[in-house]
Amino acid sequence: MAERTPIVLSNWKMNKTVNQSLDYLANLMRATDPKSSRMEIILCVPFSVIKIMADKINGPSLISISGQDVHWEQWGAYTGEISSPMLADVGAKFCMIGHSERRKYFGETDEIVNQKALALLKSGVGPIVCIGETLEERQLGLTTNILEKQLRVSFNRFSASDMEKTVILYEPRWAIGTGKFADSDQIAQAHHYIRSKLEKLFSAQSAVRTRIIYGGSVTPDNIAAIWKIEDVDGVGVGGASLDLSNFLQIVNAVSGAA
Ligand code: PGA
């Protein structure tokens, strides 16, 4: 895992005003030093603050600003939507797609995720593709079937180099915002399965290079156990990242500074 740069991702969801966002970023920049650790801190923030935040990062930094969703078309009559060239234009480095809340409330399917991923790649924005099973699917023993379909469909028409620009965020849907995080064996099995599937779909090199991170009720209390798991290249944090001191404990655990 040594060659894969670890990621700590913060998903703000629908939270924070401009002032709150700038304040958070300024304090996070003060607390992190690009010279002393090798990691990426990806802040997935509302569209309303991407540009104002991205503009503040003008020197070397561990931090980058990213989106939480995108439309699959480049331009056109899609009222209320934002496209991948627009995200690139405001300085987004990555964009999440297929988050379980998008799937649940907005009907996002694996086919839509695939279209969005291809659009992002075309604009030079890295896709962060969220996958994961529901509780019912896990209880029925269908976890790997679900992951297999999500990977196969989401990465349809991807080249091996597209895959390596992409981050996979494995988030069991039952663990998001619930306080119930997957245990170490469940996480290890899912990440191992995803990496072996990447090898089949693409190549051994893609499987080794693609970063697979875990999300779902990650907190300062469970980060040490999660970060020890083989094949986990980092974490995606929702609720616990809204408070900067909590988020910094997670960042420090991953960077080894904790
Ligand atoms: P959570 O959210 O950390 O609040 O469970 C994770 C996510 O939605 O990415």
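None of the figures in this text is laboratory data; all of them are computed from the coordinates on show. Computed from a predicted structure; not experimentally measured. Backbone-built Cβ (ideal geometry, glycine too); neighbour counts: all protein chains shown.
Reported to the nearest whole Å, the Cα centre-to-centre distance from region 73-149 to region 23-57 is 22. Note on the chain: with a GNM built from Cα contacts shorter than 10 Å, the maximum mean-square fluctuation among T134, T79, T144 falls on T79.
Karplus-based coupling profile of region 181-190, in residue order and whole Hz: 9, 5, 7, 4, 5, 4, 5, 4, 5, 5, with θ = phi - 60° in 6.51 cos²θ - 1.76 cosθ + 1.60 and x standing for Gly or Pro. Computed from backbone phi with θ = phi - 60° and the Karplus coefficients 6.51, -1.76 and 1.60, the 3J(HN,Hα) list for region 35-50 is 7, 9, 8, 10, 6, 10, 10, 10, 9, 8, 10, x, 3, 4, 10, 4 Hz; x is used for glycine and proline. For the chain, what's the relative contact order in percent, using C-alpha pairs closer than 8 Å and at least 6 residues apart? Reported as a whole number, the value is 20 percent. Footprinting exposure proxy ranking of L142, L28, fewest other C-beta atoms within 10 angstrom first, gives L142, L28.
When only Cα pairs below 8 angstrom with a gap of at least 6 residues are kept, region 1-122 shows a relative contact order of 23 percent.
With bins 5 Å wide beginning at 0, the percent of Cα pairs of the chain falling in each bin runs 1, 6, 14, 19, 21, 18, 13, 6, 2, 0. For the chain, a crude dipole built from +1 on the beta carbon of Lys and Arg and -1 on the beta carbon of Asp and Glu, taken about the Cα centre, is about 320 debye to the nearest 20.
Scanning residues 5 or more positions from V167 or on other chains, those with amide H under 5 Å from its amide H are I128, V129, with H placed 1.01 Å from N in the peptide plane. For region 73-110, GluC sites (Glu not before Pro) are listed when DSSP marks them as loop and at most 16 other Cβ atoms sit within 10 Å of their Cβ; the list is E73, E81. The calculated Kirkwood hydrodynamic radius for region 106-200 is 14.0 Å, given to one decimal from all distinct C-alpha pairs.
In this structure the amide hydrogen of G215, modeled in the peptide plane, comes within under 5 Å of the amide hydrogens of Y170, E171, G236, none closer than 5 places in sequence on its chain. The packing ranking, built from the mean of other Cβ atoms within 10 Å per residue, places the peptides 165-174, 57-66, 40-49 in the order 165-174, 40-49, 57-66, highest first.
The value obtained for region 1-133, namely the Cα convex hull volume divided by the number of residues, is 127 Å³ per residue. In plain terms, the residue of S84, S245 with the fewest other Cβ atoms within 10 Å comes first and the most crowded comes last, giving S245, S84. For region 200-211, putting each phi into the Karplus relation 6.51 cos²θ - 1.76 cosθ + 1.60 with θ = phi - 60° gives couplings of 5, 6, 10, 7, 4, 5, 4, 5, 6, 8, 6, 8 Hz, in residue order, rounded to whole numbers and with x for Gly and Pro.
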